[in-house]
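Inspection log for the structure reproduced underneath, given as structure tokens.
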Amino acid sequence: MSTNTPHQEAFASLSPAVMRASTVVFDNFEDFVQRKQRQPDGFSYGVTGTPTARLLEQKVATLEHGHHCVIAPSGAAALMTTLMGFVRGGDHLLVSAACYGSLKTFADKWLSHMGVEVELYPPAIGAEIAALIKANTRMICMEAPGTVTMEMQDIPAITAVARQRGVLTMLDNTWASPLGFRALEHGVDFSIQAATKFFSGHSDVLMGCISMNDHAHYEILRETQSILGQQVSPEDCFLVLRGLETLALRVQAQSASTIVVARHLAAHPLVDKLLYPPLESDPGHALWKRDYQTNGCLFSMILKPAPEPAFHGFFDALQQFVIGASWGGVHSLAAYYPAALQAQRPFSATDQPVVRLSIGLEDSALLMADLDQALAAYGRAMTAT
Ligand SMILES: Cc1ncc(COP(=O)(O)O)c(C=O)c1O
């Protein structure tokens, strides 16, 4: 029977092949019966991916200086798959209060109803996390800098305590990417990337990656991916593989431009403060300087207090920046997080409205001029109200 697999005639391409399959076919009865033994690397059913997914996983594992990677259909899916792989009813889960919102919601609205004891901790806790660890603590979730409010975490201090106490750790390392922070080399068990951001780089695909060193963890996550049906489309794998070809150049250029734009804004009279660890004024600067190699492309800013209409003025005046909630792509983005969001959050770095900027590949002079004129509109609206 034909399987529609092309003949292996002499052919080579710089592009990875996009290999689609729900059904994987087997040469004989024995192979079919033994198919599960092909996991976690091999192919037995489309849900765990085809060679296109495996190629991407290998490239990401190499980038992360790790041994294994499992991809998921979004950054959020990568976070939740990691939790579902390892956390069970009766376990205690420690989550940084600055972690990505849907991770906290999943822990609070789902896991806690499945018997998991969920505890939020202040992101700056460092080695003092030891005091929160209980006999049933299973995992510590970290993110640095934290979503929206950009708190740094002392990752090596936390992972040292966790290893000593037999607790797993996961880090959402999307801000830095592995080029800015080698999570696994700093003792993290699971390094998570929302590949939606820097890895894909063009704001047109969602994906997540979980990288690790331990083979037993890899087997568990491959099974979890399969059981939860977390398949990733080979076309999306192709797009992220293509994004990775320019990752280092994009990260370098965006990182260089971001610090310039941030310093410019920090000196603006209408800017109260920037939440951005690469700036000396940031409380997380010493940790950033010790552990991180890049400036990222994302920071937040607190403007001089003004009523909400002034923020309308700012956002609607933007011409180079596009209004949108994501980040990490080649186009600069601006997002707004109202004060109420910070007020609801324990251990928040601010109780003020936050403007978050993602710096893309545009000319930084144009971006700064755009921000200046939008801040002028903010100032006008401020005095008009
Ligand atoms: C730090 C961080 N982690 C995870 C995610 C989730 O990624 P995705 O949008 O691919 O689900 C995001 C998305 O905004 C994020 O900013």
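The values are calculated or read from the model by the stated rules, or taken from the named source; none is laboratory data. Note that the coordinates shown come from a computational prediction; the quantities given were computed from them, not determined experimentally. So basically every Cβ, Gly included, is an ideal-geometry build from the backbone, and we count neighbours across all protein chains shown.
Is it the case that some residue within the stretch 126-141 is within 16 Å of the ligand (Cβ to nearest atom), buried (at least 16 other Cβ atoms within 10 Å of the Cβ) and more than 24 Å from R290 (Cβ to Cβ)? No, there is no match, as no residue in the stretch 126-141 is within 16 Å of the ligand (Cβ to nearest atom), buried (at least 16 other Cβ atoms within 10 Å of the Cβ) and more than 24 Å from R290 (Cβ to Cβ). When E280 is tested against (1) surrounded by fewer than 17 Cβ atoms within 10 Å (Cβ to Cβ); (2) in contact with a Phe, Trp or Tyr (Cβ under 7 Å, 6 or more places away or on another chain); (3) in a loop (DSSP other than H, G, I, E, B), just one condition goes unmet, and that condition is (2). The residues listed here are L93, L120; of these, the one that is hydrophobic (A, V, I, L, M, F, W, C), away from the ligand (no atom under 16 Å from the Cβ), farther than 17 Å from Q344 by Cβ and not in a helix (DSSP H, G or I) is L93. Beta carbons closer than 7 Å, at least 6 apart along the sequence or on distinct chains, pair a first residue in the stretch 28-47 that is more than 15 Å from H215 (Cα to Cα) and touching a residue at least 24 places away in the same chain (Cβ under 8 Å) with a second that is polar (S, T, N, Q) and assigned to a helix (DSSP H, G or I) for V47/S226.
Based on this model, can you work out whether S233 counts as touching a helix residue (DSSP H, G or I) at 6+ places or on another chain (Cβ under 6 Å), on the phi < 0 side of the Ramachandran plot and within 16 Å of the ligand (Cβ to nearest atom)? It is false that S233 is touching a helix residue (DSSP H, G or I) at 6+ places or on another chain (Cβ under 6 Å), on the phi < 0 side of the Ramachandran plot and within 16 Å of the ligand (Cβ to nearest atom).
Kindly check whether there is at least one residue in the stretch 20-36 that is more than 16 Å from the ligand (Cβ to nearest atom), of a type outside the set (S, T, N, Q), in a helix (DSSP H, G or I) and under 28 Å from W175 (Cα atoms). No; the residues of the stretch 20-36 include none that is more than 16 Å from the ligand (Cβ to nearest atom), of a type outside the set (S, T, N, Q), in a helix (DSSP H, G or I) and under 28 Å from W175 (Cα atoms).
Being touching a helix residue (DSSP H, G or I) at 6+ places or on another chain (Cβ under 9 Å), closer than 24 Å to R182 by Cβ and of a type in the set (A, V, I, L, M, F, W, C) is the filter here; which residues of the stretch 270-291 pass it? Those that are touching a helix residue (DSSP H, G or I) at 6+ places or on another chain (Cβ under 9 Å), closer than 24 Å to R182 by Cβ and of a type in the set (A, V, I, L, M, F, W, C): L279, L287. The residues listed here are N213, N173; of these, the one that is away from the ligand (no atom under 16 Å from the Cβ) and modelled with pLDDT of 95 or more is N213. Against the condition at pLDDT 95 or above, within 16 Å of the ligand (Cβ to nearest atom) and either farther than 30 Å from D108 by Cα or aromatic (F, W, Y) (or both), how does G379 come out, does it pass? Against the criterion (at pLDDT 95 or above, within 16 Å of the ligand (Cβ to nearest atom) and either farther than 30 Å from D108 by Cα or aromatic (F, W, Y) (or both)), G379 does not qualify. Figure legend. Inter-residue proximity from the stretch 102-115: first residues more than 14 Å from the ligand (Cβ to nearest atom), second residues not in a helix (DSSP H, G or I) and not aliphatic (A, V, I, L, M), beta-carbon distance below 6 Å, spacing 6+ or different chains. Indicated pairs: M114/G89; G115/G89; G115/G90.
Taking the conditions exactly as written (in a loop (DSSP other than H, G, I, E, B) and within 16 Å of the ligand (Cβ to nearest atom)), does A98 satisfy them or not? Spell out the reasoning first.
Numbers: in a loop (DSSP other than H, G, I, E, B): yes; within 16 Å of the ligand (Cβ to nearest atom): yes.
Here the answer is yes, as A98 does meet what is asked.
Is it the case that some residue within the stretch 63-80 is within 25 Å of L132 (Cβ to Cβ), among the hydroxyl-bearing types (S, T, Y) and within 15 Å of the ligand (Cβ to nearest atom)? No, the stretch 63-80 contains no residue that is within 25 Å of L132 (Cβ to Cβ), among the hydroxyl-bearing types (S, T, Y) and within 15 Å of the ligand (Cβ to nearest atom). For T82, indicate whether it is at pLDDT 95 or above and not in a loop (DSSP other than H, G, I, E, B). In short, yes. Residues in the stretch 122-139 that are touching a residue at least 40 places away in the same chain (Cβ under 8 Å), under 28 Å from M301 (Cα atoms) and aliphatic (A, V, I, L, M): A124 alone. For the residues A256, A267, the requirement of being of a type outside the set (V, I, T), surrounded by fewer than 21 Cβ atoms within 10 Å (Cβ to Cβ) and under 26 Å from R182 (Cβ atoms) singles out A256. Scanning the stretch 355-374 for residues that are more than 14 Å from V260 (Cβ to Cβ) and either in contact with a Phe, Trp or Tyr (Cβ under 8 Å, 6 or more places away or on another chain) or not in a helix (DSSP H, G or I) (or both) yields V355, R356, S358, A374.
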